[in-house]
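Structure record follows, encoded as structure tokens.
The values are calculated or read from the model by the stated rules, or taken from the named source; none is laboratory data. As the structure is a computational prediction, the values presented were derived from the model and not from experiment. Cβ coordinates were reconstructed from backbone atoms using ideal geometry, including for glycine residues, and neighbour counts include every protein chain displayed.
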Amino acid sequence: MRAVTSSQGSVFVGDHDEPAGTGELITVTSAGICGSDLHLIASGLSGVILGHEFGGFTTDGTLVAVRPTGECGLCPQCTSGFPHMCHQAAASLHGTSINGGLAEFVRVEPSRLVPVPAGTDPATVGLIEPLAVVVHGIYRVPLISGMSALVVGSGSIGLLTAAVLADKGINVDIVCRHPHQFEAAEKLRVNAVSKHATNYDVSFDAVCTQESLDMCFNATRPRGSVVEYGMIWSSIQLKNQMMLKEISLVPSMFYSHNHEQNDFEDAVDMLVRHPELTTTLITHRFSLEESVHAFAVANDRQAGAIKVHIFTNL
């Protein structure tokens, strides 16, 4: 089968053995490129098939999204309902620790499969993982319809955050810089601004830099909350403004599931109810054989890409 790997900072498409062993064999339909992929590739990631944002069909024809994180099921984190904090969550992550979905086929442990309703466009499944990231972050803070929120960063995570907040009745502004970001926000019916207001109940940092974090602290009301998504790739400083306003800084990592709530299932529901998310955010589509070019586009700030997806059947 054909699959995508990286070595010494470069991406390659090559022939690989079809996956053997245990787990459900998934015929991949689509996979997204994440900003974390770009960072890890630049840092020298190698020895694994890439891709943690993906889905496809099981052998019986069921369309599924794939939760790429693993879990042991036995540790205190797993038994307390926080399996995303398990030591196995990242240690068995598709696309970084074990083979991922930028391939024609991949083996997936059945508990990681999330069914997608019949009739859903198979192109949507690669967007469910980043949407689950967003859902998890939003659940990290108490929100009530009518509250105000700011989203800093208008890439895929930021735009998805704004869309989910609006769906929950939150009055949301999203800071945009480029014309294609303003256009995407308009299509998602969320309020795009070039300069934020102040006294938001909560702010979401979807960039994770010193500048974006400071912007969130500036914009958030005293005793409000700032949600920090994902990984911070360079050092940041916490400043006295945060302390003087008693702002709660809330980290959000991966996605979780327990008997009461499942971030992936909520993401599927959101995407099925809002097909405009797919048509708006997936701005660039490539075949598996075009993956080298696809990664170059995803890494080019001038390309106007929001989400780059790779499809096995193009």
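Observations
- For region 157-205, filtering for residues that are surrounded by 22 or more Cβ atoms within 10 Å (Cβ to Cβ) and assigned to a strand (DSSP E or B) leaves 9.
- Going through (1) at pLDDT below 95; (2) within 22 Å of residue 163 (Cβ to Cβ) one by one, residue 277 falls short only on (1).
- Test for residue 288: is it in contact with a Leu (Cβ under 8 Å, 6 or more places away or on another chain) and surrounded by 22 or more Cβ atoms within 10 Å (Cβ to Cβ): no
- Checking each residue in region 137-174 for being over 19 Å from residue 216 (Cα atoms) and either within 13 Å of the chain's Cα centre (by Cα) or without any contact (Cβ under 8 Å) to a residue 40 or more places away in the chain (or both) picks out 144, 145, 146, 168, 169.
- Filtered residues of region 68-124 (kept if among the aliphatic types (A, V, I, L, M), crowded, with 18+ Cβ neighbours inside 10 Å, within 16 Å of residue 136 (Cβ to Cβ) and out of contact with any Pro (no Cβ under 8 Å at 6 or more places or on another chain)): 114
- Search result, residues across region 206-228 that are exposed (fewer than 14 other Cβ atoms within 10 Å of the Cβ) and assigned to a strand (DSSP E or B): 222, 223
Residue-by-condition table, conditions (1) assigned to a helix (DSSP H, G or I); (2) under 21 Å from the mean Cα position of the chain (by Cα):
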residue: 13; (1), (2): no, no
residue: 17; (1), (2): no, no
residue: 22; (1), (2): no, no
residue: 25; (1), (2): no, no
residue: 29; (1), (2): no, yes
residue: 36; (1), (2): yes, yes
residue: 39; (1), (2): yes, yes
residue: 45; (1), (2): no, yes
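- Count of residues meeting criterion [closer than 24 Å to residue 261 by Cβ, among the hydrophobic types (A, V, I, L, M, F, W, C) and surrounded by fewer than 18 Cβ atoms within 10 Å (Cβ to Cβ)] in region 52-67: 0
- For residue 140, the requirement of being basic (Lys, Arg) and closer than 21 Å to residue 303 by Cα is not met.
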